[in-house]
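Here's the structure we're looking at; comments come further down.
Just so it is clear, none of the values below were taken in a lab; they were calculated from the coordinates. What you see is a predicted model, and the numbers here were worked out from it, not measured in a lab. Neighbour counts are summed over all protein chains in view; Cβ atoms, including those assigned to glycine, are modelled from backbone coordinates with ideal geometry.
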Amino acid sequence: MLDHLSLMVLDALLIAVFFTFLWKRGRKERWLYFWKVFGALVVGAIVLGWVMYPFPRG
Amino acid sequence: MTEHSRPVGLSLPIPILLGLAWLVPGLGHVLLGRRLRAGVFFLVVVVAFLLGIVFDGELVTPHPGDPLSYLATVASLGNGLLFLVARAVGLGQGVVTAAAYEFGNTFLLTAGMMNLLLVLDAHDIATGKKDW
């Protein structure tokens, strides 16, 4: 079983590949865009997790 | 472009093309001659869908009294044939107690939304709004 962080990274990977091929053409442009989207999703999720940390459950 | 090399998709009525694009991820792009992108899209959507099923996600249908389930239903239906087949064989019921249930849902909804975006992209290509 993959842990939640790995699953989140996997989801980010699939989404980044999808949008890269949906919106960009050309090898260089695609690579750049892929890393931007992938990085934004992973880092954004981790930052959001920390921001939500002080809030109590329920 | 000669008539001979004209993609099949351009001679289909738009609603038929979009229906086929919805049914099988990437099929719209194949019919429009975008084979590389079609292959990538097919792989991404199918892998996301299968992960969602493996992780006990739910292919959402409307739950009375839960308005958000209607939105989730649209996203689930976006999976096209994958949704129909999975429901027909009893997959995608969702196991709420499973550790990765929420991630399963996320993968299934993501796959559906991506496929719906592919339908819109196929529309843009077929109508000439996008030339690649």
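Enter the per residue convex hull volume of region B:71-132, computed from alpha-carbon coordinates, in Å³ rounded to the nearest integer.
Looking at region B:71-132, the number lands at 90 Å³ per residue.
From the C-alpha gyration tensor of region B:1-59, pull out the three semi-axes of the equivalent ellipsoid (sqrt of 5λ each), sorted largest to smallest, in whole Å.
Value: 29, 13, 4 Å, ordered largest first.
Note the angle between two axes, namely the Cα long axis of helix A:27-52 and the longest principal axis of the Cα atoms of chain A, as a number of degrees from 0 to 90, rounded to the nearest 10.
The two axes meet at around 10 degrees.
Name the residue, out of B:21, B:88, B:75, whose mean-square fluctuation peaks in a Gaussian network model built on chain B with Cα pairs under 10 Å.
Greatest mean-square fluctuation among the candidates belongs to B:88.
What is the calculated FRET efficiency for residue B:98 to residue A:29, with r their C-beta to C-beta distance and R₀ = 35 Å, to the nearest 0.05? Walk me through the intermediate numbers first.
On the way: r = 39 Å, r/R0 = 1.13.
FRET efficiency, residue B:98 to residue A:29: 0.35.
Please report Rg (one decimal) and Dmax (integer) in Å for the Cα set of chain B.
Looking at chain B, its Cα Rg and Dmax stand at 16.2, 57 Å.
Membrane-span-like helices in chain B: DSSP H runs reaching 20 Å or more (Cα, own axis), mean Kyte hydropathy at least 0.0? Write out the running numbers ahead of the final one.
Details: long enough: B:35-54 (28 Å, 2.35); B:101-126 (38 Å, 0.85).
Helices meeting the criterion: B:35-54, B:101-126.
Run through every distinct alpha carbon pair of the protein assembly as shown and return the Kirkwood hydrodynamic radius in angstroms, one decimal place.
Hydrodynamic radius (Kirkwood, Cα only) of the protein assembly as shown equals 17.8 Å.
Near the amide H of residue B:58, under 5 Å away, which other amide H atoms are found, from residues 5 or more places off or on another chain, if H is placed in the peptide plane?
Amide H neighbours of residue B:58, under 5 Å, 5+ apart: B:105.
If I fit a long axis through the Cα atoms of helix A:4-23 and take the longest principal axis of the Cα atoms of chain A, what angle between them do I get, 0 to 90°, rounded to 10?
That works out to roughly 30 degrees.
Just the Cα atoms of region A:4-52: what Rg and Dmax do they give in Å?
11.7, 38
Using a Gaussian network model of chain B with C-alpha springs under 10 Å, which one of B:18, B:81, B:116 is most mobile by mean-square fluctuation?
B:81
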